[in-house]
Every structure is written in structure tokens, then in C-alpha cells.
1. Hey, can you grab everything whose amide H is under 5 Å from the amide H of Glu102? Only 5+ residues off in sequence or another chain; H modelled, so Pro and N-termini drop out.
2. Counting Lys and Arg as +1 and Asp and Glu as -1, what is the net charge of the other residues whose Cβ lies under 15 Å from the Cβ of Ser193?
3. What is the spin-label model distance, in nm, from Ala242 to Ser56 if the labels are put 7 Å beyond Cα along the C-beta direction?
4. Roughly how many nanometres apart are two label points built 7 Å out from the Cα toward the Cβ at Thr292 and Arg198?
5. Hey, fewest Cβ within 10 Å first, where do Ile84, Ile96 land in order?
6. What is the set of long-range amide H partners of Val50 at a cut-off below 5 Å, with H atoms built 1.01 Å from backbone N?
7. Taking Cα pairs under 8 Å and at least six residues apart, what relative contact order does segment 13-151 come out at, in percent?
8. With bins 10 Å wide starting at 0, give me the P(r) of segment 154-309 over every alpha carbon pair, in whole percents.
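Here, each number is a calculation from the coordinates, and none is a lab measurement. Small disclaimer: the values here were computed from a predicted structure and weren't measured. Here the Cβ positions follow ideal geometry from the backbone for every residue, glycine too, while neighbour counts run over all protein chains shown.
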Amino acid sequence: MIDRFRTDCRYHSGMDAPFPPLPQDLLAAAHRLLARAPDCHKYDFGRVLVIGGSRSMAGAPALAGMAVLRGAAGVVEIAVPQAIAPVVAGFDPALIVHGLPEDGGGHFGAEALDGLLALAQKADVVVCGPGMGRGPALADLVERLWQSFPRLLLLDADGLNALAGLPRERLRAPAGSRMLTPHAGEMQRLLGSVCSERAALEAEATAYAAELDAVLVLKGHRTLVTDGVRNQHNASGGPGLATAGTGDVLSGLIGALAAQGLTPFEAARLGAWLHGVAGELACEALTAPGMTAGDVLDALPMAWKALAE
């Protein structure tokens, strides 16, 4: 499937129509990821755990997990409710899938929490939320991860919805680095207010990131990456990314980059750029109405190639 993007990569990486340039301060970090030693092995490139899924949303954690693989992390594990574990495992043979106890609605049950926390302790990065739904145990899971996981915790989708229901005073002393990747609606739920103008929403998002000492990726046209002090807008991407599942791809991709040693702020910016370039390649080959999140996944190798060239 990657072949259909090869011509587009040559076209975009030439002088006639280059991709939006990667900021200079990220080039050295990006090239470190591209330059692998001949004797390297998978454990040199980090371990990512994706926590998510529910009875009606098996695809979301699978997309995030496959994006971790395309983002070049060495090992990806996915923790999902037991009933959908065989479905998720069937998406890609490289995924390590764990099925945990579920409640009557097909979400993680309270009995799953200790197992999820134990799996997290082995990971360099935890991506929590894709397709997880809103079961009664999930707010407790997010709070316990926030307060106890000592490395990078990335919350997306239903992980953000769970976070929005927690009192902010419980979130001001996290055990490790934290990243949030909301779209505009999720950002408004986190804030508990409605911002009709993008500029006002970005200002509120910057203040929220500063309050929680987190990196925040506010998705949309010219995605904003902020740590509450530094603000950067991503220039790659386009309307073809406005389709179900592309946010799951982005969260997995960023998690993979962070697992390989980039700082959360670097990983968020490089991930947004690569994701946008992959979206441009898929759109060029397939049109915006015709592309899906799976096409963005398929185009990621060519996005890496455009970066290398």
C-alpha cells in the first residue's frame, strides 16, 4: 500500500512543492532518530503501552498502536477489555495485546485497574484514552496514572474526558511528565467553558498547560503545541486529516517519538509535523474525501523519507 505514495514523496520533497519546513531546532533531534547504529535492537527504541478500547471501539487503540510502530518505537503493548483483545491483535502481528477484565458495558472494569497499573510500570510512555469510552472505573484509572506513573503519560480522547471530571487540585503534582492532545471540543470540556474564537481557546489552553505543568497539543488547523511558556504552531497537514481515527494515529506517533528519547515538547512538535506530512501525502494520492486514518498510517514511512531527504 505504501507504493501509491512514492511519487508524491518525490514530488513534495523536490524544489517545486516542498513540504512546510521542519523548524531548525528540531532537525538535529529528528536526524538522531533516523541514524540507527548497525548493532541496534528493539529495546534501544523504547516501550510504549497503549491503554484504550471498548466493546464498540476496537479500532482506536489498534490505530494508536500501529502508529507507535510506524513512529519507530521498539515495542508496543496494547491493553484492552478482554472481549476485543482478539480483534485488536488481528490488526497487526507486531502488536502485543493484553485483555483485561471488563464491566457490563464493555469498558475496563474496576478489577482491571491493578493489572493496567502493573503493565504501565514496564513502559517508557503510556498513551491512555483511544476508544476507552466512559465507564465508571475510568476516572479512577486516569487519576491513579496521573498521580503514580513516573514517566510520560499522554492522555487523548476518552482519557481527556475522564481527566475533565477530576478536580484540578488533584492534578497539580503529577509523578512524571504529562501530555494532553485535545481537539477543540475536548479542550472546552477540560476548561469547563466555551471559547468560540480559536485565539481565545489557544490562550486558555496555554494557561491550562502552565497550570498543570503539561505539554498540550491543541489539534486543528495549524495545531498548537504549548508547554505554557513556549508556543509553536504546526504548518503541515490539511483538511484530509479531518476524519475519524487520525487523532489516535497522532497520539501513538507522539508516544513513539518520546519513547526514543525526545523531550515531550520535541516529540509533540515532530509528531505533529510528520503526521501532517503523512496527511498531505495521503490527500495528494487519494483526495481529502477519499482518505482514512489508515491511509495516514500507510503514508508515515514516506513522511519519514521526506524528512530524511
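1. Result for Glu102 returns Gln82, Gly109.
2. On the way: positive: Arg168, Arg189, Arg198; negative: Glu186, Glu197, Glu202, Glu204, Glu211.
Here the charged neighbours net out to -2.
3. Here the modelled spin labels are 2.4 nm apart.
4. 2.8
5. Details: Ile84 23, Ile96 13.
By the 10 Å Cβ count, ascending, the order reads Ile96, Ile84.
6. Hits under the 5 Å cutoff: Glu77, Ile78, Ala79, Val127.
7. Working: 216 pairs, mean separation 34.7, N = 139.
After rounding, I find 25 percent.
8. Computed distribution, short to long bins: 11, 41, 34, 12, 1.
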